[in-house]
Structures are given as C-alpha cells and as structure tokens.
Amino acid sequence: MKQLGLRINTQTAIYPILVIILCAAFLFYKYVLQVYPSIITVQLMREFNLSGAGLGNLAATFYYAYMVTQIFVGILLDKYSTRWLTSAAIFCCGLGLILFSQTQSLYIAQLSRGLMGAGVAFATVAYMKAAAIWFSPKQYAFIGGLLATAAMAGAVFGQAPLSYLIKMTGWRTCLYTIGLVGFVLAALFALIVRDKAAKNHDLEHVPISLGDVLSLVKSKQNWLLTLYSGLAFSPIAVFGGLWGNPFLQQAYELSATEAASMVSLVFVGLGIGSPVLGMISDRLENRRYVMLVNTLISCLALVLVLFAHPMPTWLLSLLLFVFGFGLGSFMLVFAMGKEMNKPALTATVIAMINSSDAFLDALTEPGIGKFLDMLWDGRVVNGIHYFSLHSYHLALGVLPIYLVVAAFLLLFISDRRENRT
C-alpha cells in the first residue's frame, strides 16, 4: 500500500501498536488542552478581566463545542475515513491553541477554545475505533483501559510540568509551542495510520441504516451507560480541569505548583486504575460490580478531600490517588457498550456514551463558578476575586452527589458477562 509516497506494511505485529500509540498521543494532547486553564486561572482572570463565572464559561466553551461535535463523530468515523477525519481534528486542536496563545480578545479566546473542543471530540472515539479494528475482542477491555492511561498522562503533564514550563517561558509562548506540536502530530497520523486491518474489514465502512442508529438510541441500557459515564467522569474533569487547583491552595495552604502536583495524583490514579480494573473485570467476568464498588470508594475519598481538612500531605496525596484510581472503572462503560451493540456501530455508541461527559462538564464548570460568585463577599486579592473556603465547600459539594447517583444507576445496568455466570 502506497499513499503520499510512504509505504506502510500493516501486516507486521508492531503496526497495530504504532497505530494505538498515535491515537494515544492524540489523547495525551487532548487532556493537555482540556486542563491547562486550571494552572493559569489567575493569568486568565487578570488578562480578560473575568469573574468566577466568566472563567468557568471560558473553560466550558471547550465542552460546548465538544458536546455538539460529539453528536456526529461516531457516525462519521463508522462511515468514513478514521485516518483523514482524525488528522484534520488534530490540526484543528493545534490551530485553536495557537490562536488562543496570541489573542488579546475574550471573544477570540472563546472561539479558540471551541475549535479545540471540536477537534478533541474525535480523540476517544478514534482510539476505541482503532482498538476495535486492530486488536482482538479479548484485548479490547485492556487496550481500552490504556486509553485512560494515555489521557491521564496528558492531564498530569498539563499540571505540574506544564506549570513549570509556563513559569519559565510565559503562558503565551508555551501554549504557542504546544500548538505547533499538534501540527506535527496531525502530519504523522495522516502519513502512518491506515483505515483497515486485513482481518477486520467488517468493522470499517459497513453501511449503517437509520434503523440501526434508532435502535441504538432507543436502548435503555445505552442511556444508562451514557448517564453513568458523565456522572462518574465529570467530578474528575471539573476538579482536575479547573476548580480543584484553587481549592487545594485555599484549603491546604499550597502553592500553585504544589496544588498542581497534588491534582496530578488524581490523573495518575485514573491512568493506572483503568487498565488494572479492566483486567480485574475480565477475570471476575463482572464489570458492573467492579464499577459499583470503585465508584463508591472514589466518592468517599473525594468527600474526605473536600471536607476533612486539614490532613497530612501524605494522606491527602493517597486520597487523591484513590479518587482517581477508583474512577478508572468508568472506562468499562465503553467495553460494555461495544458488547451490547452491533460491531458496525462501535464508534457511534462510544460517541454517544462519551457525549454525556462533555454535557455535564459544560454545565458544571461554569455552574460552580456562578455559585462561587453568588457567595462572594466582595474581597479582591491581587486583582482577582477571592472565594472563601465555605464557598468552595458548598460549590464543590455537587461532585460527590454525582458519584452517588452514578453508583445508583449501576443497579439498573445489565452486564452480559455477569448474566453468563
């Protein structure tokens, strides 16, 4: 096969690994883009004269675009070229970041965040689609778990390491450089990735009827998985992506870099927990039980972090890790969704499940900011609004509630593996 002057041998054992590495690199890039506002909250509030709600809205523009684009991503990737659509999506991410890094206008900054959100909407679905094409069904849950490992590695980089780079070079120069990296990744994806595996033609370019899509949408089980996914992941996205950093600085008297390091532990836990819990669910042949137990454990850890301070640094670190590790089980919804639906609809069902994350994140991040503004006592420190610890307690208290509701929904989800035992 010769395209763009580059001959790629897709029959080698190493080629599927190369494809999934590039997909993982896109996920890494996605989470850097998603979480970087959390480490420059002060700069953004000062640069664009933002309140808490304004900052939340700027960050959430990413999720608004993500949510709208996600509606179409699954069907597009099931019907057309994963290679070219994903390459274009990565290019959009890099372009959005470069525009954001250079603008003085809040309007352009919001449009740039929207462009990034539209681009990264392809990342998770493209990864899971590639995993279905290039790996056997027995490997799917484990490979799917590694998705979170790659994504959370990006989120970790988007905390303390990125904070250090921004401190050294300035936030505009740093983000501009990362935008250029996106262009390089898009080029590599277009040159190397192919759309079909010789032994998996049935998963690519299969005609999808309106009836197929309607049956997927009408499935109560698919909607339960979708709601669980959003409720389980939103606390990590909101806490790690924006509000956890200022809360930890306030509650535990940490510097910005120290708080970023602590938040990184949430993503480290998630990155390790996803493949580990995926293997455990395969061994137990019961995904639902693994998800239920670990969602409740994560909820308890988060409650202690939010309300049981002060506590020793080692204990705070452990609880943040446990919070992330337990929610690594949320990745099992993708394996369950694939098992419940036709193979040709793999990307479509993954996109459906994934859409709820963006929906709840888009509501919750600015919602918390708005609530903090309502509780604000008028105090200003270093030119930005100062929110009391009591205000953070009330505003962030919604996150454990999300996890309790998510655990409750699992009681009504059917697990095919569980039913076979």
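The values are calculated or read from the model by the stated rules, or taken from the named source; none is laboratory data. Fair warning: this is a prediction, and the values are worked out from it, not measured in the lab. Don't worry about glycine lacking a Cβ; one is built from the backbone with ideal geometry, like all the others, and counts go over all protein chains shown.
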Scan segment 144-158 residue by residue and report those that are within 14 Å of ILE21 (Cβ to Cβ) and of a type in the set (Gly, Ala, Ser).
ALA150, ALA151, ALA153, GLY154
Taking helices (runs of 4 or more DSSP H) that fall entirely within segment 208-301, which contain at least 2 residues that are at pLDDT 85 or above and either basic (Lys, Arg) or within 26 Å of LEU33 (Cα to Cα) (or both)?
220-238, 244-252, 256-284
Considering every residue within segment 302-314, establish whether at least one is buried (at least 24 other Cβ atoms within 10 Å of the Cβ) and either in contact (Cβ under 8 Å) with a residue 24 or more places away in the chain or of a type in the set (A, V, I, L, M) (or both).
yes
Over segment 171-186, the set of residues crowded, with 22+ Cβ neighbours inside 10 Å and basic (Lys, Arg) is none
Restricting to segment 116-156, what's the tally of residues that are modelled with pLDDT of 85 or more and either surrounded by fewer than 24 Cβ atoms within 10 Å (Cβ to Cβ) or touching a His at 6+ places or on another chain (Cβ under 8 Å) (or both)?
1
Residue pairs, Cβ under 7 Å, 6 or more apart or interchain, first in segment 29-40 and within 15 Å of LEU165 (Cβ to Cβ), second polar (S, T, N, Q) and assigned to a helix (DSSP H, G or I). List them.
SER38/ASN245; ILE39/SER163; ILE39/ASN245
Subset of segment 18-71 (residues that are outside any helix (DSSP H, G or I) and not small (Gly, Ala, Ser))
ILE40, PHE48, ASN49, LEU50
Test: GLN110 is over 14 Å from the mean Cα position of the chain (by Cα), modelled with pLDDT under 85 and not aromatic (Phe, Trp, Tyr)
no
Given the structure, is SER136 among the polar types (S, T, N, Q), free of Cβ contacts under 8 Å to residues at least 60 places away in the same chain and in contact with a Phe, Trp or Tyr (Cβ under 6 Å, 6 or more places away or on another chain)?
no
